[in-house]
Structures are given as C-alpha cells and as structure tokens.
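**Student:** Below is one structure. I have some questions about it.
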Amino acid sequence: MSNESTSAPNFIRNQIRDEVEAGRVDTVVTRFPPEPNGFLHIGHAKSICLNFGVAEQFDGACHLRFDDTNPAKEEQAYIDAIKEDVSWLGFQWSGGVRYASDYFDQLYAWAQHLVREDKAYVDDLSPDEIREYRGTLTEPGRPSPYRDRSADENLDLLERMRAGEFAEGEKVLRAKIDMASPNINLRDPILYRIRHARHHQTGDKWKIYPSYDFAHGQSDAIEGVTHSLCTLEFEDHRPLYEWFIENLPVPSTPRQIEFARLNLNYTLTSKRKLKLLVEEEIVDGWDDPRLPTISGMRRRGYTPTSIRKFCEMIGVTRADGGLVDIAMLYHAIRTDLEDNAPRAMCVLNPLKVVLTNVEASHEEVYEVPGHPARDDMETRRLPFTRELWIDRDDFMEEPPKKFFRLAPGQEVRLRNSYVIRCDEVIKDDAGEVAELRCSVDFDTLGKNPEGRKVKGVIHWVSAAHGVPVEVRLYDNLFTVEQPDKDRDADFLEHLNHESLVTVQGIGEPSLATAKPEERFQFERVGYFCADRHASREGRLVFNRTVGLKDSWAKIQKKG
RNA sequence: UGGGGUAUAGCCAAGUGGUAAGGCAGCGGUUUUUGGUAUCGCCAUUCGCAGGUUCGAGUCCUGCUACCCCAGCCA
C-alpha cells in the first residue's frame with residue numbers, strides 16, 4: 001500500500017523528524033498496544049495509522065503488543081480479531097506478536113528491585129481504605145500504616161502474594177512515591193494486584209498481575225520503543241511513566257507523547273458502550289455495519305484505503321473536546337469507491353414499466369462499461385426487454401417544476417438505453433400506481449433525440465432478467481451528534497430506530513455473480529458491498545456503505 | 001477553591017515575529033446518458049476575550065474566560 005495515505009505531517013512526526021535529524025534517535029520504534037478486551041474501532045485506526053505511519057516514514061519499526069495485564073477482562077477471541085483488523089487495514093507489525101505478559105518475569109524482578117531500594121511496599125489496606133487514604137483532588141493523601149515495612153518483610157509478602165497465599169484484594173504492591181503529590185497518579189500507585197484468574201497467555205502461572213502503569217513503560221523499554229504514543233488521558237501518567245524508567249535498570253529510555261483521541265459525531269467510540277450494544281443484541285455483533293468498529297466498517301463496505309485516508313484528513317493534534325463530522329468519513333469512502341467500484345443498476349423500490357411499442361419477444365443486449373472512466377474494468381452485458389423495473393422515486397404523477405424524471409407525458413433517458421415517454425398510468429384497486437405504459441423512441445440509442453432535450457436519466461432492470469437482491473440500507477445508529485454527551489442519561493435513548501431498513505430489490509444480471517465483500521456503485525443510488533456473511537450466489541445481500549450525494553434531495557428539502 | 005491540558009471559519013487543521021495553507025460541509029457557474037463524477041469560483045480584514053511589548057503579533061508578555069482529563073486493585 002502506498003505511504004501516501006499515512007504521511008500527513010503533524011506535531012509528533014515533526015518532533016521525531018527533528019530528533020532524527022539532530023541525531024538523538026537512531027532507529028524509530030513505535031508500538032500499537034491494544035488491550036484484548038473488545039474490538040478495535042475507528043479511534044484505534046487513528047492510533048494505528050499514526051504508529052505504523054511514523055515507523056514507515058522514518059524507516060523504523062512498529063510492534064503490535066497486547067497490553068494484557070487484566071486477565072479478567074480479556075479473551076483470545078479479541079486477540080484474533082485485533083490481529084485480523086490491523087492486517088486488513090494494510091499494516092504489518094515488526095517481528096512476532098508481542099504481549100506485555102511476555103515480560104511478567106522481568107516485571108516481577110523489577111518489582112523486587114524497587115522493594116530492595118525501598119521504593120515499593122506491600123500494603124494491607126482494603127480497596128476502600130486505599131481510596132480513603134489517597135485523599136481527593138484538592139486534599140493530599142495520607143501514608144498507609146504499612147508504608148514502612150522492611151524490605152525483607154516486603155520481599156517475603158510479595159513472594160507469598162505471587163504464590164497465591166492471599167485472597168484477591170487482601171494485599172497490593174505499591175510504589176513509594178509521594179502521598180501528598182498534587183498528581184494523584186504519584187500517590188503511591190499500585191504496581192501489582194492479586195487476581196486468581198487464568199490468563200489467556202500465561203495460564204495459571206501468575207496469581208498477581210502488574211498494573212497498566214507498571215507494565216507499559218517497561219514493556220516499551222524492553223522492546224526498545226523510542227516513542228510511546230498514546231492519548232491525552234495518559235498525560236497525567238507521564239511523570240509516573242518516567243519515574244519507572246528512571247528508577248529501574250531498564251535497557252532503553254522510551255518517551256511518551258500524547259495526542260487527542262478521535263470523537264466522531266453520531267457515533268460512539270467507547271469500548272464499554274459498544275460492548276453493551278453487542279451484548280444486549282441491539283446490533284448484530286461486533287461487526288454490525290452500523291458500528292464504528294474496524295470489522296463493522298469492513299462489513300459495511302469501507303476500504304482500508306478510505307479509513308487511512310480519513311485518518312490522514314483529520315490529523316493528529318493535542319486539541320481535545322473536538323468533534324469530527326462523519327461527513328468526512330463519507331467523503332473518504334466515496335472518493336475511493338468513485339474511482340474503484342464497478343457500476344451496476346439496481347432497483348430498490350420496483351415499479352413495473354411496460355414498453356408498449358416493444359414486442360413481447362424482443363430482446364437486445366448492450367455491452368456497457370464496468371466503469372465510465374476506466375476501460376481496464378470488465379464490461380457487462382445488459383439485456384433490454386418489453387417489461388422493465390424502475391425505481392418508484394423516479395416517477396411522480398404530479399411532478400414539481402424541476403423534476404427531470406418520469407411523469408405522465410414526460411420523457412426520460414433509460415441509462416445506457418433509449419429515451420422513453422410515459423403514456424399511461426395504471427392504478428390498482430387501492431388507487432396506488434401499479435404500472436406505467438411507456439413508448440420507446442428508437443432513434444435515441446447512443447444519441448440525443450432530435451429537436452428536444454431530455455435531461456433526466458434513470459436506472460432500470462429488465463423484468464425478465466433481473467435478479468432478486470436483499471438490500472440493507474444503513475444509517476447512523478444515533479439520532480444526535482453526541483449520544484453519550486449527558487453522562488447521566490442513557491445513550492440508548494438516542495438510538496435511531498431507522499438505522500437499518502431492509503428492502504427487496506432487483507438487480508441487473510451482472511450482479512448475480514457478486515462475491516462476498518465485492519463492492520459496487522449502484523448507479524444514481526450509492527455504494528454497496530455484498531455482505532461477507534449472508535451473501536452468496538443465489539441469495540444476494542448488499543449493504544449500503546454510503547449513498548451518492550443527492551442534490552435533488554436538497555432541492556426538495558428547500559421546497 | 002489541587003494538578004495536568006487545549007482554544008485559528010459550521011467541522012477537522014496548517015501556521016514557530018513579516019501581513020491567515022489545505023480538506024470537509026455550504027453556496028454559485030461549466031461539463032455530463034449517474035440530479036453522481038470532474039472542473040471553475042465564493043466562503044476568517046482576523047486567530048477564545050482584554051490589555052501590553054514591537055516598525056510589525058495567530059505567534060512574545062500579563063490578566064481573564066471557556067472546554068477536556070485525573071480521586072479503578074481498568075487501560
């Protein structure tokens with residue numbers, strides 16, 4: 001994949017460039033460090049593009065390392081899904097997959113080192129007591145009564161914690177820093193807690209697990225990571241990150257740089273809330289096409305290129321509280337698919353048209369381009385017959401002034417075919433339009449009619465040849481820009497109940513062989529992707545990735 | 001009323017003392033057998049606010065204001 005989509009400059013790239021030019025860094029090493037407790041989403045894509053993009057730009061390396069320090073919340077299934085997503089986005093991590101748990105032995109030895117240096121101690125306070133002793137944002141904390149145990153006693157207790165002699169919550173290992181620090185993270189942070197849980201990588205070997213703070217920076221140091229890029233909420237942890245690096249005999253000195261996380265309107269990027277939507281079966285799994293998960297976007301029809309392009313467009317800064325317009329994402333996928341998706345005609349809401357001056361036995365087949373601007377794409381065969389389907393939206397019995405489509409007595413161009421005129425409207429018993437009787441102007445194939453201008457062009461499918469397709473029309477999952485804005489209110493109240501509308505349509509014959517994940521532009525309608533789970537030959541299911549821009553809808557809206 | 005951050009157009013975002021890039025959205029024209037695409041044009045006398053320094057300030061100084069993050073044995 002080209003590095004074009006991951007090369008936009010930003011403050012982090014500039015800083016690293018300066019360091020490289022000044023000779024302060026040799027080989028740049030970054031890492032993408034997900035916790036395997038859920039699926040990756042568009043916010044992670046931003047981080048992935050940054051980390052892998054930086055490594056690529058400076059001819060360095062980017063590691064994939066699972067931050068697996070909390071076995072209670074993590075699963076192998078998430079690890080598999082995350083690897084798949086990163087690969088699908090088009091990135092290759094350097095070396096094998098890494099795990100923080102690979103370093104548990106070293107981390108434990110370093111914990112002992114801190115104890116020996118009188119920089120860590122075992123605390124018997126309960127979780128509630130620890131919170132109480134920690135103080136508040138405005139008041140300093142107080143030292144734990146267990147803070148001054150001897151190194152030998154601490155070493156012994158730590159060893160027994162590891163051996164599983166104590167119950168969960170009974171003891172923790174804490175760094176001895178400063179209970180009065182205005183930075184709460186420095187008030188004797190917890191290094192190890194007891195968890196009698198089976199770990200997906202290390203099995204039953206450990207009864208104690210390191211905290212994020214104690215594991216992350218040291219893992220970076222072990223791997224030779226030079227730049228540890230993370231989001232803004234870890235800014236307050238940086239002094240602690242550096243404290244460990246300075247107080248431990250680590251093999252390298254990584255530096256943490258923070259950037260703002262992505263907020264996208266009309267969507268959620270909280271892993272906890274996404275998980276809830278999945279577990280409550282409000283959506284169809286982690287890869288539901290309405291979710292901003294990488295796998296959901298993939299199933300929806302987004303391309304890796306479009307996601308990388310989007311990440312380039314939004315940039316990387318330290319400005320927080322912003323909200324990116326989802327229109328940017330739509331733009332990114334439209335531009336990719338405009339260039340690369342083959343075209344087809346598909347009627348979503350069929351209305352029968354009978355061409356009265358065409359014989360019932362008549363059939364002609366056009367060979368039409370797969371893409372209007374790309375002759376490298378295969379052509380498709382398009383049969384034309386007496387009876388056709390068109391979209392109901394393309395007919396109005398009483399059209400407004402600027403309606404260029406079909407109406408009684410009005411002419412329209414059938415895409416790739418003739419100009420027809422609507423002569424008669426046939427209604428059913430309920431008064432609904434059931435069928436249109438039209439006549440063909442046979443002197444209009446590949447040329448404009450004489451003496452008049454026909455501005456409208458509509459898509460159509462031969463009734464004798466069309467193939468049935470199920471089309472899933474997706475829209476934003478939420479009706480408001482920030483569904484989780486009110487912390488107290490339930491974000492589920494803002495669910496868009498029309499976020500999925502399924503219709504039965506009729507596609508042109510070339511669609512019959514569509515493979516799962518194959519993408520098309522349904523001309524005049526939008527971009528669609530054959531569902532990777534449900535679609536197969538004989539039972540076609542398409543997901544709408546995004547609609548085409550619709551200036552007619554705008555005109556109508558304005559009245 | 002603790003600490004750490006951030007403010008440039010409706011949205012994202014360049015800009016590092018020399019006179020406000022780019023993209024999205026929007027608006028208008030041209031082209032068009034997709035009301036799509038492409039293409040052309042318009043869209044910040046001003047950078048959260050108020051002062052100050054300077055020949056010159058989005059950039060430096062002072063003081064305000066708004067918003068985000070932190071009191072998990074989550075990451």
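**Student:** What number of residues within segment A:498-528 satisfy the criterion of being open to solvent by 50 Å² or more (accessible area, probe 1.4 Å), farther than 30 Å from A:Phe478 by Cβ and in a strand (DSSP E or B)?
**Tutor:** 0
Results for (1) hydrophobic (A, V, I, L, M, F, W, C); (2) within 12 Å of RNA strand B (Cβ to nearest atom), shown as yes or no for each residue.
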{"position": "A:Asn263", "(1), (2)": "no, yes"}
{"position": "A:Val283", "(1), (2)": "yes, no"}
{"position": "A:Gly296", "(1), (2)": "no, no"}
{"position": "A:Val316", "(1), (2)": "yes, yes"}
{"position": "A:Ala327", "(1), (2)": "yes, yes"}
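**Student:** Looking at segment A:56-77, is at least one residue touching a Leu at 6+ places or on another chain (Cβ under 8 Å) and open to solvent by less than 10 Å² (accessible area, probe 1.4 Å)?
**Tutor:** Taking every residue of segment A:56-77 in turn, none turns out to be touching a Leu at 6+ places or on another chain (Cβ under 8 Å) and open to solvent by less than 10 Å² (accessible area, probe 1.4 Å).
**Student:** Can I ask one more? Could you tell me which numbered condition A:Asp429 fails, if it satisfies all but one of (1) away from RNA strand B (no atom under 12 Å from the Cβ); (2) of a type outside the set (S, T, N, Q); (3) touching a residue at least 24 places away in the same chain (Cβ under 8 Å)?
**Tutor:** Only one criterion is unmet by A:Asp429, namely (3).
**Student:** Name the residues in segment A:25-41 that are within 13 Å of RNA strand B (Cβ to nearest atom) and among the aliphatic types (A, V, I, L, M), would you?
**Tutor:** A:Leu40, the sole residue that qualifies.
**Student:** For A:Arg308, are the conditions met, namely being more than 29 Å from the chain's Cα centre (by Cα), buried (at least 19 other Cβ atoms within 10 Å of the Cβ) and in contact (Cβ under 8 Å) with a residue 24 or more places away in the chain? Outline the logic, then answer.
**Tutor:** Working: more than 29 Å from the chain's Cα centre (by Cα): no; buried (at least 19 other Cβ atoms within 10 Å of the Cβ): yes; in contact (Cβ under 8 Å) with a residue 24 or more places away in the chain: yes.
Judged against the criteria, A:Arg308 is not a match.
**Student:** Something else about it: Please count how many residues of segment A:175-224 are closer than 27 Å to A:Thr253 by Cβ, near RNA strand B (Cβ under 9 Å from one of its atoms) and part of a loop (DSSP other than H, G, I, E, B).
**Tutor:** Within segment A:175-224, residues that are closer than 27 Å to A:Thr253 by Cβ, near RNA strand B (Cβ under 9 Å from one of its atoms) and part of a loop (DSSP other than H, G, I, E, B) number 6.
**Student:** Condition first: more than 13 Å from RNA strand B (Cβ to nearest atom), farther than 23 Å from A:Gln556 by Cα and small (Gly, Ala, Ser). Can you find one or more residues in segment A:398-410 that meet it?
**Tutor:** no
**Student:** Given the criteria in contact with a Gly (Cβ under 9 Å, 6 or more places away or on another chain) and within 12 Å of RNA strand B (Cβ to nearest atom), does A:Pro292 qualify?
**Tutor:** No.
**Student:** Okay, moving on. What are the pairs with Cβ atoms under 8 angstrom where one residue, in segment A:433-451, is assigned by TED's automatic domain parsing to the domain that holds A:Glu359 and the other, located anywhere, is open to solvent by 70 Å² or more (accessible area, probe 1.4 Å) and assigned to a helix (DSSP H, G or I)? Sequence gap at least six, or different chains.
**Tutor:** A:Val433/A:Arg392; A:Pro449/A:Asp443; A:Glu450/A:Asp443
**Student:** Are any of the residues in segment A:160-169 within 30 Å of A:Pro251 (Cα to Cα), at pLDDT 95 or above and buried (at least 20 other Cβ atoms within 10 Å of the Cβ)?
**Tutor:** Checked segment A:160-169: at least one residue is within 30 Å of A:Pro251 (Cα to Cα), at pLDDT 95 or above and buried (at least 20 other Cβ atoms within 10 Å of the Cβ).
**Student:** Return the residues of segment A:126-147 that are open to solvent by 100 Å² or more (accessible area, probe 1.4 Å) and basic (Lys, Arg); say none if nothing qualifies. Talk me through it step by step, then tell me what you get.
**Tutor:** Taking segment A:126-147 and keeping what is open to solvent by 100 Å² or more (accessible area, probe 1.4 Å), we get A:131-132, A:137-139, A:142.
Passing the criteria: A:Arg131, A:Arg142.
**Student:** Further question on the same structure: Scanning for something among the aliphatic types (A, V, I, L, M) and without any contact (Cβ under 8 Å) to a residue 24 or more places away in the chain, does segment A:17-27 turn up at least one residue?
**Tutor:** Within segment A:17-27, one or more residues are among the aliphatic types (A, V, I, L, M) and without any contact (Cβ under 8 Å) to a residue 24 or more places away in the chain.
**Student:** List pairs: first in segment A:533-557 and farther than 22 Å from A:Ile326 by Cβ and without any contact (Cβ under 8 Å) to a residue 60 or more places away in the chain, second open to solvent by 60 Å² or more (accessible area, probe 1.4 Å) and within 16 Å of RNA strand B (Cβ to nearest atom), Cβ under 7 Å, 6+ apart or cross-chain?
**Tutor:** Listed by first residue and then by second, the contacts come to nothing, as the list is empty.
**Student:** Based on what the data block shows, is A:Pro292 in contact with a helix residue (DSSP H, G or I) (Cβ under 8 Å, 6 or more places away or on another chain) and at pLDDT 95 or above?
**Tutor:** yes
**Student:** Give me the residue from segment A:418-468 that is open to solvent by 80 Å² or more (accessible area, probe 1.4 Å) and among the acidic types (Asp, Glu) and, out of that set, farthest from A:Pro383 (Cα to Cα).
**Tutor:** A:Asp429
**Student:** Moving on. So if I check each of A:Asp531, A:Asp486, which one is in the same structural domain as A:Asp336 (by TED's automatic domain parsing) and open to solvent by less than 30 Å² (accessible area, probe 1.4 Å)?
**Tutor:** Just one listed residue meets the conditions, A:Asp531.
**Student:** Pairs only if they're at least six apart or on different chains, beta carbon under 9 angstrom, first in segment A:167-188 and touching a residue at least 60 places away in the same chain (Cβ under 8 Å), second part of a strand (DSSP E or B) and open to solvent by 40 Å² or more (accessible area, probe 1.4 Å); list them, first residue then second.
**Tutor:** Here the result reads A:Leu173/A:Ile190; A:Leu173/A:Arg193; A:Ala175/A:Ile190, each pair linking segment A:167-188 to a residue that is part of a strand (DSSP E or B) and open to solvent by 40 Å² or more (accessible area, probe 1.4 Å).
**Student:** Just for segment A:88-147: of the residues that are in a loop (DSSP other than H, G, I, E, B) and β-branched (Val, Ile, Thr), which one is farthest from RNA strand B (Cβ to nearest atom)?
**Tutor:** A:Val97
**Student:** Let me ask you something else. Could you tell me which of the residues A:Leu173, A:Leu240, A:Leu155 is closer than 18 Å to A:Leu107 by Cβ and touching an Asp or Glu at 6+ places or on another chain (Cβ under 6 Å)?
**Tutor:** On the way: A:Leu173 fails: touching an Asp or Glu at 6+ places or on another chain (Cβ under 6 Å); A:Leu155 fails: touching an Asp or Glu at 6+ places or on another chain (Cβ under 6 Å).
Criteria check complete, one pass: A:Leu240.
**Student:** Could you please let me know if A:Tyr192 is open to solvent by less than 40 Å² (accessible area, probe 1.4 Å) and under 21 Å from A:His237 (Cβ atoms)?
**Tutor:** yes
**Student:** Where residues in segment A:266-281 are open to solvent by 10 Å² or more (accessible area, probe 1.4 Å) and of a type outside the set (D, E, K, R), which of them is farthest from RNA strand B (Cβ to nearest atom)? Lay out the reasoning, then the answer.
**Tutor:** Just the residues of segment A:266-281 that are open to solvent by 10 Å² or more (accessible area, probe 1.4 Å), to begin with: A:266-267, A:269-273, A:275-276, A:278-281.
From what's left, of a type outside the set (D, E, K, R): A:266-267, A:269-270, A:276, A:278.
Working: A:Tyr266: 12, A:Thr267: 13, A:Thr269: 13, A:Ser270: 10, A:Leu276: 14, A:Val278: 18 Å.
Result: A:Val278.
**Student:** In the set A:Asp236, A:Asp220, which member is touching a residue at least 40 places away in the same chain (Cβ under 8 Å), among the charged types (D, E, K, R) and open to solvent by less than 10 Å² (accessible area, probe 1.4 Å)? I'd like the intermediate steps shown before the answer.
**Tutor:** Details: A:Asp236 fails: open to solvent by less than 10 Å² (accessible area, probe 1.4 Å).
That would be A:Asp220, the only listed residue that is touching a residue at least 40 places away in the same chain (Cβ under 8 Å), among the charged types (D, E, K, R) and open to solvent by less than 10 Å² (accessible area, probe 1.4 Å).
The values are calculated or read from the model by the stated rules, or taken from the named source; none is laboratory data. In this text, all values refer to a predicted model and were calculated from it rather than measured experimentally. With ideal geometry, Cβ positions are generated from the backbone for all residues, glycine too; neighbour counts draw on all protein chains shown. The protein model used for the area step is the full one, side chains on, heavy atoms only, and it has no ligands, DNA or RNA in it. Shrake-Rupley method; radii C 1.70, N 1.55, O 1.52, S 1.80 Å.
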